[in-house]
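Here is the structure we will look at, set down as structure tokens.
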Protein chains: 2
Amino acid sequence: MQSRNTPPTRAGGRPRSAEADTAILEATRQALVDLGWTKLTMGDVATRAGVAKTTLYRRWAGKSELVVDAVAELFDELELPDSGSLAADIEGVVLQFAALLGRPETKTALMAVVAESTTDEPLRERVRASIVDRQKRLVLTGRARAQARGELPVEPDAATAAVTADLIFDVIAGAVVHRALVSAEPVDREWARRFTLLILGGLAAAAASGPGA
Amino acid sequence: MQSRNTPPTRAGGRPRSAEADTAILEATRQALVDLGWTKLTMGDVATRAGVAKTTLYRRWAGKSELVVDAVAELFDELELPDSGSLAADIEGVVLQFAALLGRPETKTALMAVVAESTTDEPLRERVRASIVDRQKRLVLTGRARAQARGELPVEPDAATAAVTADLIFDVIAGAVVHRALVSAEPVDREWARRFTLLILGGLAAAAASGPGA
DNA sequence: CCAGTTACGCTACGAGCCGTAGCGAAAGCT
DNA sequence: AGCTTTCGCTACGGCTCGTAGCGTAACTGG
């Protein structure tokens with residue numbers, strides 16, 4: 001995964017402990033659950049992981065980078081089972097995102113690192129590579145399947161196809177994040193269903209469909 | 001606006017300086033621009049505003065509450081000119097949101113306070129009342145206009161109508177925020193146009209429409 | 001005019017966290 | 001062996017936090 005910072009020079013000495021790495025990341029996630037982003041401190045994580053504070057700073061520049069790597073591992077679990085239809089795939093993506101955002105460690109960390117990244121370009125790139133792209137994969141997969149089934153038109157020009165994919169991704173991920181973290185309302189099957197109707201059929205379709213199945 | 005904490009007991013003594021209030025909030029916004037959320041400190045804001053640090057703590061519990069009030073004032077400017085059609089109104093809402101999110105003080109502060117609010121319920125309520133509801137107004141206005149024009153069906157049941165409104169709001173606000181802050185790509189007229197097509201006509205319509213007008 | 005009440009500026013303080021330096025010991029490689 | 005890098009530990013200056021204490025300023029009611 002190339003999470004930690006690579007040692008500045010080449011090999012030849014004592015190798016970095018892989019156990020320490022996993023212990024630190026696990027301790028970071030647990031600290032996020034217990035304390036939240038703000039009250040999480042480097043010293044506390046070191047104590048929890050059973051390593052010295054200096055060891056953390058040898059591998060990560062600071063709290064933001066550490067937390068990004070810690071939560072990024074959770075996004076590895078994301079997977080999209082082929083459910084046979086575009087509508088079902090969208091609901092699947094939505095519920096997958098929602099499950100991750102429901103976890104307390106993700107909830108408190110995700111917005112915080114995004115906030116940091118608005119004034120820290122390298123961090124933003126790290127967030128993109130470690131977290132955002134992992135989400136995006138799901139959307140691209142679902143889109144490719146839908147095109148294979150003939151449910152969505154294939155865009156011949158690669159550039160405009162990429163623009164469309166970006167648009168779709170921002171709409172889906174943005175809506176789920178906003179619902180879960182800003183509105184702080186549950187992203188359940190019912191919400192996913194109505195959201196899917198909106199995305200597939202547009203505003204009028206979503207408004208016309210009542211609460212029933 | 002009822003931004004600061006009301007004095008605990010009733011009147012009778014020296015009133016709080018209104019000039020200090022505006023100076024503090026203005027200094028807070030400027031500090032957000034210069035330093036960003038993380039490096040902003042209460043002491044620094046006090047110095048910029050020309051007041052004592054203790055004066056800040058008499059009115060706000062901490063950095064989060066202060067920043068919420070400081071950026072909330074910016075959201076007062078939000079207004080939706082009646083542009084005659086639902087499509088144009090949606091583009092208007094999107095560009096209004098985008099203009100606010102483009103400001104450096106809003107950019108760095110908004111995600112930060114949302115992150116804080118995930119582990120601080122009173123703060124979340126404050127964010128909702130001061131910021132989110134101000135955005136929501138625009139969406140509700142546009143929706144009502146569209147229904148008056150016959151562009152959207154009127155939902156008779158108040159409960160389901162509210163659910164639909166919440167859904168639409170999360171989709172629009174979420175997409176804009178995600179595009180601007182997570183993907184960190186510009187929300188320009190072209191993007192607003194394509195987004196509007198997607199919201200109005202659904203996925204297939206958005207994909208079918210090429211880059212041209 | 002004068003007592004009562006509240007806000008203000010200022011100073012000072014203990015507490016906590018940051019990020020780094022310096023040390024001796026451990027663990028690999030050639 | 002000898003070299004190189006990591007590790008745990010301790011200690012440190014610097015910064016921010018949030019509060020306490022004081023004398024002064026501003027406004028109100030008798």
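Checked against (1) open to solvent by less than 50 Å² (accessible area, probe 1.4 Å); (2) more than 16 Å from DNA strand C (Cβ to nearest atom), B:R103 passes all but a single condition, namely (1). Which residues, taken from region A:32-57, are exposed (fewer than 14 other Cβ atoms within 10 Å of the Cβ) and either closer than 22 Å to A:E121 by Cα or assigned by TED's automatic domain parsing to the domain that holds A:V132 (or both)? Once the filter is applied, which keeps residues that are exposed (fewer than 14 other Cβ atoms within 10 Å of the Cβ) and either closer than 22 Å to A:E121 by Cα or assigned by TED's automatic domain parsing to the domain that holds A:V132 (or both), region A:32-57 yields only A:Y57.
Conditions (1) touching a residue at least 24 places away in the same chain (Cβ under 8 Å); (2) of a type in the set (G, A, S), marked per residue:
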| site | (1), (2) |
| --- | --- |
| B:K39 | no, no |
| B:G43 | no, yes |
| B:T47 | no, no |
| B:T55 | yes, no |
| B:S64 | yes, yes |
| B:F97 | yes, no |
| B:A112 | yes, yes |
| B:T119 | no, no |
| B:S130 | yes, yes |
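Of the numbered criteria (1) surrounded by fewer than 19 Cβ atoms within 10 Å (Cβ to Cβ); (2) in a helix (DSSP H, G or I), the one A:P81 fails is (2).
For region B:121-144, the count of residues that are in a loop (DSSP other than H, G, I, E, B) and facing chain A (nearest Cβ under 7 Å) is zero.
Can you say whether A:E155 is of a type in the set (D, E, K, R) and at the interface with chain B (Cβ under 7 Å from one of its Cβ atoms), as far as the supplied structure shows? So A:E155 passes the test.
Inspect region A:86-99 for any residue being of a type outside the set (D, E, K, R), in a helix (DSSP H, G or I), away from DNA strand D (no atom under 16 Å from the Cβ) and open to solvent by 60 Å² or more (accessible area, probe 1.4 Å) and give the result as yes or no. Taking every residue of region A:86-99 in turn, at least one turns out to be of a type outside the set (D, E, K, R), in a helix (DSSP H, G or I), away from DNA strand D (no atom under 16 Å from the Cβ) and open to solvent by 60 Å² or more (accessible area, probe 1.4 Å). Among the residues of region B:31-67, those identified as within 13 Å of chain A (Cβ to nearest Cβ), more than 11 Å from DNA strand C (Cβ to nearest atom) and part of a helix (DSSP H, G or I) are B:A31, B:L32, B:V33, B:D34, B:L35, B:G36, B:W37, B:K63, B:S64, B:V67. Going residue by residue through region A:88-105, is there one that turns out to be over 25 Å from B:S64 (Cβ atoms) and facing another protein chain (nearest Cβ under 10 Å)? Taking every residue of region A:88-105 in turn, at least one turns out to be over 25 Å from B:S64 (Cβ atoms) and facing another protein chain (nearest Cβ under 10 Å).
Taken as a whole, the condition of being modelled with pLDDT of 95 or more and either assigned by TED's automatic domain parsing to the domain that holds A:R179 or not polar (S, T, N, Q) (or both) does not apply to A:R10.
Matching residues to (1) touching a residue at least 40 places away in the same chain (Cβ under 8 Å); (2) more than 21 Å from A:F169 (Cα to Cα); (3) open to solvent by less than 60 Å² (accessible area, probe 1.4 Å); (4) among the charged types (D, E, K, R):
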residue: B:A148; (1), (2), (3), (4): no, yes, no, no
residue: B:L152; (1), (2), (3), (4): yes, yes, yes, no
residue: B:A165; (1), (2), (3), (4): no, yes, yes, no
residue: B:F169; (1), (2), (3), (4): no, no, yes, no
residue: B:A173; (1), (2), (3), (4): yes, no, yes, no
residue: B:L181; (1), (2), (3), (4): yes, no, yes, no
residue: B:R193; (1), (2), (3), (4): yes, no, yes, yes
residue: B:L198; (1), (2), (3), (4): no, no, yes, no
residue: B:G201; (1), (2), (3), (4): no, no, yes, no
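The values are calculated or read from the model by the stated rules, or taken from the named source; none is laboratory data. This is a predicted model, so every value here is computed, not measured. All Cβ positions, even for glycine, are placed from backbone atoms using ideal geometry, and neighbour counts span all protein chains on display. In case anyone asks, the SASA skips ligands and DNA or RNA and just uses the protein heavy atoms, side chains included. Shrake-Rupley method; radii C 1.70, N 1.55, O 1.52, S 1.80 Å.
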